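What follows is one structure encoded as structure tokens, with my remarks underneath.
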């Protein structure tokens with residue numbers, strides 16, 4: 001009799017926001033970067049992808065499918081295919097070695113995902129998405145590979161996804177092998193090493209979607225004369241300093257490096273032909289507010305960083321919550337995002353506003369559509385809350 | 001009997017806008033740059049400083065004075081003093097060699113200047129100002145020094161002033177001597193070599209004055225890791241290519257280098273700690289409009305460049321006036337600046353607007369306060385229209 005079991009495994013996976021930026025591919029197919037990078041994994045209470053991977057002989061048509069937020073996705077793209085091919089190949093090896101194992105490698109996969117992100121927040125969801133996909137299928141297949149070994153697979157889906165296989169503070173070693181075998185993520189420190197790290201995300205409404213990361217990276221590598229210096233010297237030096245800052249829980253050094261590296265990345269975008277601008281006047285005003293917070297504190301207690309878009313991510317330590325998040329709550333407490341448990345705990349700090357340039361404050365208040373308050377968090381977590389029922393249908 | 005003559009000499013001097021940017025001083029006192037630069041001198045019909053230098057035994061109090069647009073200026077700053085000291089020293093040498101010459105070197109100088117710039121346009125007027133001051137005093141003193149030799153003096157007043165001692169296309173060789181003796185301006189080509197060059201300046205109202213050039217340069221040199229690459233390799237290569245483009249009247253190469261170098265300069269500003277932003281969202285939209293003009297033309301017919309502020313300077317050739325200036329006239333013909341002879345000749349080109357992103361067009365229309373239409377022009381010109389009367393009083 002045929003095996004009609006619906007095999008299922010579910011995981012949640014986090015978003016990560018880099019403090020030493022990944023920008024530039026030396027191999028676009030394998031997603032091999034031109035420099036190493038380092039990120040903070042954010043808490044899944046606030047931002048996560050939840051993915052259930054299933055397979056069954058009963059699925060018809062007998063082909064792989066992916067549903068994201070109830071919408072069927074095209075998975076014929078080379079990146080998703082590369083991930084699924086690698087995972088199947090590892091399962092096949094297990095099955096070849098153990099003839100008693102169910103033959104899952106040849107079955108069609110039905111994968112269902114949901115993000116808890118606010119829609120249209122312009123948050124890069126591909127890192128959490130590919131990390132969850134790889135982790136869920138690896139669990140479904142019972143693969144023994146470590147997160148670092150799985151990071152090699154997730155990287156082919158989306159470069160920064162490799163860092164979302166770990167919690168806490170995560171490095172991505174660029175490697176040097178042509179086949180990408182040594183381009184892997186590793187844990188710099190777990191979340192509990194420095195759990196006081198907080199992140200306030202200012203979601204900025206962009207008039208227009210910017211250049212895609214992939215297209216932008218290729219253009220920068222091809223045309224920026226300043227980019228080589230960043231990849232060859234600036235980032236390698238900063239990687240070492242940043243690891244040290246994290247090991248020593250030295251927030252001032254962490255913050256200084258974070259801001260410099262964000263600026264350096266955006267500088268190489270501007271040095272691209274034609275120039276790429278991800279930050280806008282609202283982003284610039286957010287920088288001015290952070291600089292003013294630090295000036296008023298007499299030391300660096302807040303650090304901004306910007307990915308390939310206008311949103312500001314502001315890192316700070318729990319002990320400075322009133323000075324940093326409290327200021328933004330006083331400025332824009334009416335925005336969506338403060339109503340959650342974390343946001344309600346933040347003490348409004350109207351007094352701090354006296355140190356802020358009113359034009360910068362007004363531009364931020366006007367241009368930010370919502371906020372997300374979060375913290376450093378854990379890596380992917382296996383869950384038994386499946387998004388596919390025992391009947392094989394999405395629930 | 002004492003000589004009561006009012007000795008007078010007058011000159012006008014032009015503004016220049018760099019296409020290979022000066023940014024970074026290796027010696028802030030002598031204004032010695034970290035890289036060579038190259039500019040286009042703009043026509044004095046549109047932008048000029050008019051300066052009359054006078055001296056007399058009759059002036060009381062017996063001290064140097066400077067009146068700019070009817071306002072007394074503080075000339076005790078080291079830069080103005082360095083210029084006046086150098087000029088006096090050259091005059092003194094002449095007097096020592098020729099005892100019959102009037103003894104002017106020891107007399108107080110009364111200098112009167114007027115700019116024909118629209119006030120508050122945010123145009124760097126120091127280049128024209130120091131070039132006019134040096135040229136006028138040199139003429140008053142009958143100095144035999146060439147413009148290149150005088151450029152060494154003007155450079156100490158304001159770096160880019162050295163390039164305003166020439167018309168047309170002007171280089172500033174950074175030099176290597178510690179005393180600045182070989183950091184001099186030279187003519188790459190006179191205006192008549194390529195007289196078809198036009199410049200449209202979009203004057204953008206800035207909410208706030210940015211960081212001063214001098215302070216910004218020092219911060220960039222001190223903190224940007226990308227800056228060294230620009231100064232050591234990027235600019236030297238571009239200087240050669242730009243001189244070739246000008247010699248060959250190759251507008252596409254000229255434009256490509258101009259835009260890349262403006263972006264590179266602003267990239268190093270962004271890579272500064274804290275970051276320096278001179279361009280704003282209106283500037284970015286002006287770039288988008290120029291890119292769209294070139295895309296629609298199928299070749300590069302317009303080149304943007306930005307100095308230390310949000311104003312866009314757009315270079316183009318006379319033959320493309322309708323395609324470039326005509327588009328901006330169609331977009332914002334109601335702005336101040338089109339009413340002059342040059343502006344009236346420009347044919348409005350509404351059809352070209354169909355190729356422009358409406359949001360970029362709207363941002364430019366909204367953010368530009370006035371335009372200036374000009375062209376490549378001549379160097380300083382001796383004039384007999386004195387701003388000081390025969391009685392020694394400003395007229």
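A few notes on this one:
- Selected residue (only one of A:136, A:128, A:105 is under 19 Å from residue A:31 (Cβ atoms) and surrounded by 17 or more Cβ atoms within 10 Å (Cβ to Cβ)): A:128
- Single condition residue A:96 does not satisfy, out of (1) surrounded by 15 or more Cβ atoms within 10 Å (Cβ to Cβ); (2) free of Cβ contacts under 8 Å to residues at least 12 places away in the same chain: (1)
- Test: residue in the stretch B:310-319 that is more than 25 Å from the chain's Cα centre (by Cα) and surrounded by fewer than 21 Cβ atoms within 10 Å (Cβ to Cβ): no
- Residue match in the stretch B:298-308 (condition: within 23 Å of residue B:241 (Cβ to Cβ) and out of contact with any helix residue (DSSP H, G or I) (no Cβ under 9 Å at 6 or more places or on another chain)): yes
- Exclusive hit being modelled with pLDDT of 95 or more and more than 12 Å from residue B:201 (Cα to Cα), set B:301, B:314: B:301
- The stretch A:379-395 - residue that is within 17 Å of the chain's Cα centre (by Cα) and surrounded by 19 or more Cβ atoms within 10 Å (Cβ to Cβ) and, of those, farthest from residue A:193 (Cα to Cα): A:380
- Number of the exception - residue A:298 against (1) surrounded by fewer than 20 Cβ atoms within 10 Å (Cβ to Cβ); (2) touching a residue at least 24 places away in the same chain (Cβ under 8 Å): (2)
- Hey, residue B:292 within 11 Å of chain A (Cβ to nearest Cβ) and more than 25 Å from residue B:225 (Cα to Cα) or not: yes
- Residues in the stretch A:166-185 that are under 19 Å from the mean Cα position of the chain (by Cα) and either within 14 Å of another protein chain (Cβ to nearest Cβ) or in a loop (DSSP other than H, G, I, E, B) (or both): A:166, A:167, A:168, A:174, A:183.
- Hey, residue A:244 over 30 Å from residue B:303 (Cα atoms) and more than 8 Å from chain B (Cβ to nearest Cβ) or not: yes
- Residue in the stretch A:187-207 that is over 30 Å from residue A:11 (Cα atoms), out of contact with any helix residue (DSSP H, G or I) (no Cβ under 8 Å at 6 or more places or on another chain) and within 14 Å of chain B (Cβ to nearest Cβ) present: yes
- The lone exception for residue B:364 - which of (1) more than 14 Å from chain A (Cβ to nearest Cβ); (2) within 16 Å of residue B:289 (Cβ to Cβ); (3) within 26 Å of the chain's Cα centre (by Cα) it fails: (1)
- Checking each residue in the stretch A:186-204 for being over 13 Å from residue A:170 (Cα atoms) and assigned to a loop (DSSP other than H, G, I, E, B) picks out A:195, A:196.
- Residues that are crowded, with 22+ Cβ neighbours inside 10 Å, in contact with a helix residue (DSSP H, G or I) (Cβ under 6 Å, 6 or more places away or on another chain), within 14 Å of chain B (Cβ to nearest Cβ) and in a loop (DSSP other than H, G, I, E, B) are absent from the stretch A:250-258.
- In this entry, residue B:271 is excluded by the filter for residues that are surrounded by 17 or more Cβ atoms within 10 Å (Cβ to Cβ) and under 21 Å from the mean Cα position of the chain (by Cα).
- Criterion violated by residue B:340 - all others in (1) in contact with a helix residue (DSSP H, G or I) (Cβ under 7 Å, 6 or more places away or on another chain); (2) on the phi < 0 side of the Ramachandran plot satisfied: (1)
- Residue B:222 passes every criterion in (1) away from chain A (no Cβ under 14 Å); (2) under 30 Å from residue A:361 (Cα atoms); (3) assigned to a helix (DSSP H, G or I) apart from (1).
- Filtering the stretch A:130-159 to residues that are in a helix (DSSP H, G or I) and out of contact with any helix residue (DSSP H, G or I) (no Cβ under 7 Å at 6 or more places or on another chain) leaves A:132, A:136, A:139, A:140, A:148, A:149, A:152, A:159.
- Residue list for the stretch B:225-249, restricted to those being surrounded by fewer than 16 Cβ atoms within 10 Å (Cβ to Cβ), in contact with a helix residue (DSSP H, G or I) (Cβ under 8 Å, 6 or more places away or on another chain) and not in a helix (DSSP H, G or I): B:249
- The requirement of being more than 13 Å from chain A (Cβ to nearest Cβ) and touching a residue at least 60 places away in the same chain (Cβ under 8 Å) is not satisfied by residue B:276.
- In the stretch B:308-316 there is at least one residue that is within 14 Å of chain A (Cβ to nearest Cβ) and touching a residue at least 12 places away in the same chain (Cβ under 8 Å).
- Some residue of the stretch B:41-54 being touching a residue at least 40 places away in the same chain (Cβ under 8 Å) and within 20 Å of residue B:240 (Cα to Cα): yes
The values are calculated or read from the model by the stated rules, or taken from the named source; none is laboratory data. The model shown is predicted, which means the values in this text are computed figures rather than measured ones. Cβ sites come from the backbone with ideal geometry, for glycine too, and all protein chains shown count toward neighbours.
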